[in-house]
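Input: a single structure, listed below in structure tokens.
Nothing in this text is a laboratory measurement; each read-out follows from the coordinates by a stated rule. Note that this is a predicted model, so its numbers are computed, not measured.
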Amino acid sequence: AQTTIYLVTLCLAVLAMGFLIAPVSLHRLLFRRHARHATVDIAHRLALVGIVLLAASIVGVVLLIFTVVLGTTAGFVAAGGAALVLIGLWGALPLTVRERSPDSRP
């Protein structure tokens, strides 16, 4: 099980890096080609996927380390805690600020 957690976490980290860096390449290749709307729209989607993949890889690392050091139960508790913190900070907080912002748009 630990080998599987390790390999899945590694794959998630590689995918997260790819999705988070892709907007930079997209911008560089489309710069001055009058494709601003497409660039921003695609970069936004890539970044959102990258953030989700990064969160999943962080949770996987926490799960693996706590499982190895303290056991399966501690691993799942720590991973669940990490997931809740990241969902709160990277999901709920921005959505709350967006909804409360006077200049928020639908």
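Just from its helices, what would the mean residue ellipticity at 222 nm be for the chain, if runs of 4 or more DSSP H residues each count -39500 (n - 2.57) and the sum is divided by every residue, rounded to the nearest 500 deg cm²/dmol?
Calculated at 222 nm, the ellipticity per residue is -29000 deg cm²/dmol.
Once every Cα of the chain carries one equal point scatterer and solvent is ignored, give the base-10 log of I(q)/I(0) from the Debye formula at q = 0.16, 0.18 Å⁻¹, two decimals.
Debye intensities relative to I(0), on a log10 scale: -0.82, -0.92.
What are the DSSP H helices in the chain that stretch 18 Å or more along their long axis, judged by alpha-carbon atoms, and whose average Kyte-Doolittle hydropathy comes to at least 0.0?
Span-like helices, by this rule, are 2-30, 36-70, 72-87.
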